[in-house]
Amino acid sequence: MINNIPEFLYHLLIEQYGENLTNTITKGYSQKRPVTLRANTLKTTIENIKNTFDSLGFIYKEVSWYKDALIMENISEEDIKNLDIYKNGEIYLQSLSSMIPPIVISPKKDENILDMAAAPGGKTTQMIALSQNKAFITACEKNKIRAERLQYNLNKQGANRVNVMIKDARQLDNFFSFDKILLDAPCSGSGTISIFDKKLENIFTKDLVSRSSKVQYDLLNKAITLLKPGHEMVYSTCSILSKENEQILQKFIDTKKIEIIPIDTNVFLNATFLPVSINGTLCICPSKLYEGFFVAKLKKL
């Protein structure tokens, strides 16, 4: 271990970002983030949620780039989970970084959207809420137990225009065709690790990054096949390693299958961004408020 993170990861970060930024990232790994959540607008409004918190004396901050999200202060997840508004699906606990991909994809009425790796359903339910329950979403999850958890969350949130498929999205038939696709790809989690995880050295390995990048390539290849020409998709990971992000995308850019639609990072105030090798993509640095996260908006050529 170096700086309380696996030696392999440390060297990857040094190689990609240099010593100063690696130290900033390592500091981000040591932060305990506040509870963040969003109002489920399928069942309530952000005003109702604020009123509930006000009546309970809970302190919160608003999120400038997402009116339905709140940052809670001095409140634990357990406190939130004991509330009726949590139990009946009026709020959803979700990290700020993971709220960004659905906002970037901007789901609209009557769009046919594929969520390729949907469980446990945070981004799925957020997308359907953003569309005011008027998009239609196909949510894939290959693991039966995780798919059941996904369906539970969809039911709890009142997301009734989502079809769950217990299937590896890589195995979807090519006759499917979608207006938009969210590929929040399985990854090493290099943006979300904690230096307090005692098993970290055993979990975060060279093999994990290698396996993740292979799955990411295959999923993106399938996504491009299923996306309608001229339409847009979002590729995201909770990794900050270019091996799982830009290097995957570049292979498809080079073959002229996709192009980058630039994301305006100025929208996401309070986030610190790491340098990226593909202009228009964003990579969030782990910090007090944000997990490390990579997001790219792509258009099929």
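The values are calculated or read from the model by the stated rules, or taken from the named source; none is laboratory data. Everything numeric here is computed off the predicted structure, so don't read it as measured data. Don't worry about glycine lacking a Cβ; one is built from the backbone with ideal geometry, like all the others, and counts go over all protein chains shown. Ligands, DNA and RNA are excluded from the accessible area calculation, which covers all protein heavy atoms including side chains. Shrake-Rupley method; radii C 1.70, N 1.55, O 1.52, S 1.80 Å.
Please find, within the range 54-90, the residue that is modelled with the lowest pLDDT out of those that are more than 23 Å from the chain's Cα centre (by Cα) and on the phi > 0 side of the Ramachandran plot.
Ranking the candidates gives ASN74 first.
Across the range 233-271, what is the number of residues that are over 15 Å from LYS222 (Cβ atoms), assigned to a helix (DSSP H, G or I) and not basic (Lys, Arg)?
The number of residues fulfilling the criteria is 10.
Quick test for you: out of THR41, THR36, THR24, pick the one residue that is within 30 Å of ASP207 (Cα to Cα) and modelled with pLDDT of 95 or more.
THR24
List every residue pair whose Cβ atoms sit under 9 Å apart, with the two residues 6 or more apart in sequence or on different chains, where the first one lies in the range 264-292 and is farther than 15 Å from TYR66 by Cβ and the second, anywhere, is of a type in the set (Asp, Glu).
Close Cβ pairs satisfying both conditions: VAL276/GLU246; SER277/GLU246; ILE278/GLU246; THR281/GLU246; CYS283/GLU246.
Would you check which residues across the range 188-207 are open to solvent by less than 30 Å² (accessible area, probe 1.4 Å) and either without any contact (Cβ under 8 Å) to a residue 60 or more places away in the chain or hydroxyl-bearing (Ser, Thr, Tyr) (or both) and list them?
SER188, GLY189, SER190 - these are the residues of the range 188-207 that are open to solvent by less than 30 Å² (accessible area, probe 1.4 Å) and either without any contact (Cβ under 8 Å) to a residue 60 or more places away in the chain or hydroxyl-bearing (Ser, Thr, Tyr) (or both).
Pick out the one residue from THR192, THR205 that is among the polar types (S, T, N, Q), closer than 21 Å to THR22 by Cα and touching a Gly at 6+ places or on another chain (Cβ under 8 Å).
After ruling out the rest, the residue left standing is THR192.
Filter the range 209-257 for residues that are aromatic (Phe, Trp, Tyr) and farther than 22 Å from CYS285 by Cα; which is most open to solvent (accessible area, probe 1.4 Å)?
The selected residue is TYR217.
Starting from residues that are of a type in the set (A, V, I, L, M) and open to solvent by 40 Å² or more (accessible area, probe 1.4 Å), keep the ones in the range 18-53 and report whichever is nearest to the chain's Cα centre (by Cα). It would help to see each step written out before you state the result.
Residues of the range 18-53 of a type in the set (A, V, I, L, M): 21, 25, 35, 37, 39, 42, 46, 49.
Then keep just the ones that are open to solvent by 40 Å² or more (accessible area, probe 1.4 Å); that gives 21, 42.
Numbers: LEU21: 22, LEU42: 20 Å.
Per the criteria, the residue is LEU42.
Looking at the range 10-109, what helices (runs of 4 or more DSSP H) fall wholly within it and have at least 1 residues that are among the aromatic types (Phe, Trp, Tyr)?
Helices (runs of 4 or more DSSP H) meeting the threshold: 46-56, 84-87.
Could you please let me know if ILE80 is surrounded by 14 or more Cβ atoms within 10 Å (Cβ to Cβ), in contact with a Phe, Trp or Tyr (Cβ under 9 Å, 6 or more places away or on another chain) and over 24 Å from LEU269 (Cα atoms)?
Values: surrounded by 14 or more Cβ atoms within 10 Å (Cβ to Cβ): yes; in contact with a Phe, Trp or Tyr (Cβ under 9 Å, 6 or more places away or on another chain): yes; over 24 Å from LEU269 (Cα atoms): yes.
The answer is yes for ILE80.
So THR125 fits all but one of (1) polar (S, T, N, Q); (2) buried (at least 21 other Cβ atoms within 10 Å of the Cβ); (3) without any contact (Cβ under 8 Å) to a residue 40 or more places away in the chain; what number is the exception?
(3)
Condition (residue is touching a Cys at 6+ places or on another chain (Cβ under 6 Å) and within 30 Å of THR22 (Cβ to Cβ)) applied to the range 168-175: is it met by at least one residue?
no
Mind counting the residues in the range 162-173 that are out of contact with any helix residue (DSSP H, G or I) (no Cβ under 6 Å at 6 or more places or on another chain) and open to solvent by 50 Å² or more (accessible area, probe 1.4 Å)?
So the count comes out to 4.
Select from the range 130-158 the residues that are open to solvent by less than 10 Å² (accessible area, probe 1.4 Å) and of a type in the set (A, V, I, L, M, F, W, C) and list them in ascending order.
ALA135, ILE137, ALA139, CYS140, ALA147, LEU150, LEU154
For LYS180, work out the one condition from (1) under 28 Å from TYR17 (Cβ atoms); (2) open to solvent by 10 Å² or more (accessible area, probe 1.4 Å) it doesn't fulfil.
(1)
Quick check on the range 253-269. Is at least one of its residues over 17 Å from the mean Cα position of the chain (by Cα) and within 19 Å of TYR10 (Cβ to Cβ)?
Looking for residues that are over 17 Å from the mean Cα position of the chain (by Cα) and within 19 Å of TYR10 (Cβ to Cβ), one finds none in the range 253-269, hence no.
Among the numbered criteria (1) out of contact with any Asp or Glu (no Cβ under 6 Å at 6 or more places or on another chain); (2) in contact (Cβ under 8 Å) with a residue 60 or more places away in the chain, which single criterion is violated by TYR86?
Condition (2) is where TYR86 drops out.
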